[in-house]
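Heads up: the structure comes next, in structure tokens.
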Amino acid sequence: MSGRVDGKAAVVMGGGQTPGETIGNGRATALLLAREGARVIVVDRELERAEETVATIRAEGGTGEACAADVREETQVRAAIGACVERFGGVDILHNNVGASLALGDAPATDLDVATWDRIFEVNLRGMWLACKWAIPAMRERGGGSIVNISSMAARSAYPLVGYKTTKVAVIGLTEYVAAQHARDGIRANAILPGLMNTPMAIEPRVAAGTPRAQVIAQRDANVPLGRKMGTGWDVAYAALFLHSDEARFISGVSLPVDGAGGVAGRG
Ligand SMILES: NC(=O)c1ccc[n+]([C@@H]2O[C@H](COP(=O)([O-])OP(=O)(O)OC[C@H]3O[C@@H](n4cnc5c(N)ncnc54)[C@H](O)[C@@H]3O)[C@@H](O)[C@H]2O)c1
């Protein structure tokens, strides 16, 4: 292990993954943080998904614990942060990865119903705020910490579904708020904006909806300027590793696209 986050105590919210053929952003990030020396609490609504991630961390010689929590429930979010304090003595890193669009029933603004709008905001935005709410005091006690919130290039482009679009813009607002208000606590907060990624979250719902897998992949690949191929969960994980490490100690409040130049080419 090269130890870019050696000894740090980390919580990865949504560190399991949607089942599929490739690795998800959250799982890749949890694995990479552990490879680089962090002790990781892997949190997921589906405990077995978190346990799969932890099994790999341990098989690779790292330190991890699985924790079941639904980010919609404040008591469960608080307990997940508390598990990191109890098990590893504090919280240095909070990685807020939970988010979904199609899987939550997102739709165009004229088709969405109120209950679905509320559910998308609870999962994609309120959950990230709740994790910040409980992690910030723990980080303050340590003299600082790093928060990364996963937004999306949907925040910067003409994404067709209103719940995802608006929550991912708001995630940037939350990130800037925390960066500004908690800089004097030594806490950094940054957002990552993944673009077109070859992850189960992106591919499987479209395959399940009836488009052949090869077609889904080919269409998405064709819209990526850099190398004409989607990114992977590892691309997001390496950006997160940098932002969580002390190499980024003077960087806070940024929104980092990880999108193969999709945004600058108008393909985000
Ligand atoms: N994959 C992409 O193409 C892409 C593109 C842009 C942005 N993103 C963002 O990346 C993040 C997720 O990427 P991923 O590849 O890790 O997805 P993923 O679906 O593989 O992993 C997310 C995990 O979160 C868990 N989860 C869902 N709802 C939860 C809840 N209420 N409480 C606790 N856990 C819950 C799921 O069980 C899953 O294991 C999201 O924020 C998403 O918006 C993804």
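The values are calculated or read from the model by the stated rules, or taken from the named source; none is laboratory data. As the structure is a computational prediction, the values presented were derived from the model and not from experiment. Cβ coordinates were reconstructed from backbone atoms using ideal geometry, including for glycine residues, and neighbour counts include every protein chain displayed.
Exactly one condition in (1) surrounded by fewer than 19 Cβ atoms within 10 Å (Cβ to Cβ); (2) within 14 Å of the ligand (Cβ to nearest atom) is not met by Ser151; state its number.
Going through (1) surrounded by fewer than 19 Cβ atoms within 10 Å (Cβ to Cβ); (2) within 14 Å of the ligand (Cβ to nearest atom) one by one, Ser151 breaks only (1).
Among the residues of segment 144-163, how many are assigned to a loop (DSSP other than H, G, I, E, B) and over 13 Å from the mean Cα position of the chain (by Cα)?
Number satisfying all stated conditions: 6.
Against the condition near the ligand (Cβ under 10 Å from one of its atoms), more than 18 Å from Gly62 (Cβ to Cβ) and under 16 Å from the mean Cα position of the chain (by Cα), how does Gly20 come out, does it pass? Explain how you work it out, then say what you get.
Numbers: near the ligand (Cβ under 10 Å from one of its atoms): yes; more than 18 Å from Gly62 (Cβ to Cβ): yes; under 16 Å from the mean Cα position of the chain (by Cα): no.
In short, no.
Taking Thr63 and the conditions (1) within 14 Å of the ligand (Cβ to nearest atom); (2) hydroxyl-bearing (Ser, Thr, Tyr); (3) touching a residue at least 12 places away in the same chain (Cβ under 8 Å), which numbered condition does it fall short on, given that it satisfies the others?
(1)
Give the residues of segment 74-95 that are over 18 Å from the mean Cα position of the chain (by Cα) and either outside any helix (DSSP H, G or I) or under 18 Å from Arg27 (Cα atoms) (or both), sorted by residue number.
Hits for segment 74-95 are Gly89, Gly90.
Given (1) outside any helix (DSSP H, G or I); (2) surrounded by fewer than 18 Cβ atoms within 10 Å (Cβ to Cβ); (3) among the hydrophobic types (A, V, I, L, M, F, W, C), where does Ala55 come up short, assuming only one miss?
Result: Ala55 passes all but (1).
In this structure, is Ile192 part of a helix (DSSP H, G or I) and either surrounded by fewer than 17 Cβ atoms within 10 Å (Cβ to Cβ) or among the hydrophobic types (A, V, I, L, M, F, W, C) (or both)? Talk me through it step by step, then tell me what you get.
Working: part of a helix (DSSP H, G or I): no; either surrounded by fewer than 17 Cβ atoms within 10 Å (Cβ to Cβ) or among the hydrophobic types (A, V, I, L, M, F, W, C) (or both): yes.
No.
Of all residues in segment 164-189, count the ones that are β-branched (Val, Ile, Thr) and under 14 Å from the mean Cα position of the chain (by Cα).
4
What are the pairs with Cβ atoms under 7 angstrom where one residue, in segment 214-235, is closer than 28 Å to Leu33 by Cβ and the other, located anywhere, is modelled with pLDDT of 95 or more and acidic (Asp, Glu)? Sequence gap at least six, or different chains.
Once the first residue is closer than 28 Å to Leu33 by Cβ and sits in segment 214-235, its partners that are modelled with pLDDT of 95 or more and acidic (Asp, Glu) give Lys229/Asp221; Met230/Asp221.
Kindly indicate the residue of segment 30-48 that is farther than 19 Å from Arg87 by Cβ and within 17 Å of the chain's Cα centre (by Cα) and also farthest from the ligand (Cβ to nearest atom) among those meeting that condition.
Residue satisfying both the conditions and the ranking: Leu32.
Within segment 96-134, take every residue that is near the ligand (Cβ under 8 Å from one of its atoms) and assigned to a loop (DSSP other than H, G, I, E, B) and give me the one that is surrounded by the most Cβ atoms within 10 Å (Cβ to Cβ).
Of everything passing the filter in segment 96-134, Gly99 is surrounded by the most Cβ atoms within 10 Å (Cβ to Cβ).
Among (1) touching a residue at least 24 places away in the same chain (Cβ under 8 Å); (2) more than 10 Å from the ligand (Cβ to nearest atom); (3) within 24 Å of Asn190 (Cα to Cα), there is one condition Ala79 misses while meeting the rest; what is its number?
So Ala79 meets the others, but not (1).
Can you find, within segment 196-233, the residue that is farthest from the ligand (Cβ to nearest atom) among those that are closer than 17 Å to Gly263 by Cβ and surrounded by 17 or more Cβ atoms within 10 Å (Cβ to Cβ)?
Val224
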